[in-house]
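Okay, so here's the structure we're looking at.
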Amino acid sequence: MRIAIGADHAGYTMKSQLTELLKSLGHEVVDVGAHPPDPSDDYPDFAKALAERVATQQADRGVLVCGSGVGAS
């Protein structure tokens, strides 16, 4: 399965951990950012990039991580 994954700076560490886990389970992971974490990044940019990948079938599923768990939704 192709899984797009993205996070703002607050979710960067968890995104990295999830990426490794998903790859170890045999999934293809497409990382849409952040690269690297930057406190001034704007999480809607990563949410949009992830949603576009799923909507255009460039990814089967998406995982989005942010600091609060609510902001990016």
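The values are calculated or read from the model by the stated rules, or taken from the named source; none is laboratory data. Computed from a predicted model, the values in this text were never measured in an experiment. A quick note on method: Cβ atoms are made from the backbone with ideal geometry, for glycine too, and the neighbour counts reach across all protein chains shown. Ligands, DNA and RNA are excluded from the accessible area calculation, which covers all protein heavy atoms including side chains. Shrake-Rupley method; radii C 1.70, N 1.55, O 1.52, S 1.80 Å.
Going through (1) open to solvent by 70 Å² or more (accessible area, probe 1.4 Å); (2) at pLDDT 95 or above one by one, residue 4 falls short only on (1). Taking the criterion of being in contact with a Leu (Cβ under 9 Å, 6 or more places away or on another chain) and part of a loop (DSSP other than H, G, I, E, B), the only residue of segment 35-67 that qualifies is 59. Pull up segment 20-73, narrow it to residues that are acidic (Asp, Glu) and under 14 Å from the mean Cα position of the chain (by Cα), then point me to the one that is nearest to residue 6 (Cα to Cα). Going through the qualifying residues, I end up with 31. Of the candidates 59, 55, the single residue that is open to solvent by less than 70 Å² (accessible area, probe 1.4 Å) and free of Cβ contacts under 8 Å to residues at least 60 places away in the same chain is 59. When residues in segment 1-34 are screened for being free of Cβ contacts under 8 Å to residues at least 24 places away in the same chain and part of a loop (DSSP other than H, G, I, E, B), 2 of them pass. The criterion of being buried (at least 17 other Cβ atoms within 10 Å of the Cβ), of a type in the set (A, V, I, L, M, F, W, C) and either modelled with pLDDT of 95 or more or within 11 Å of residue 62 (Cα to Cα) (or both) does not hold for residue 10.
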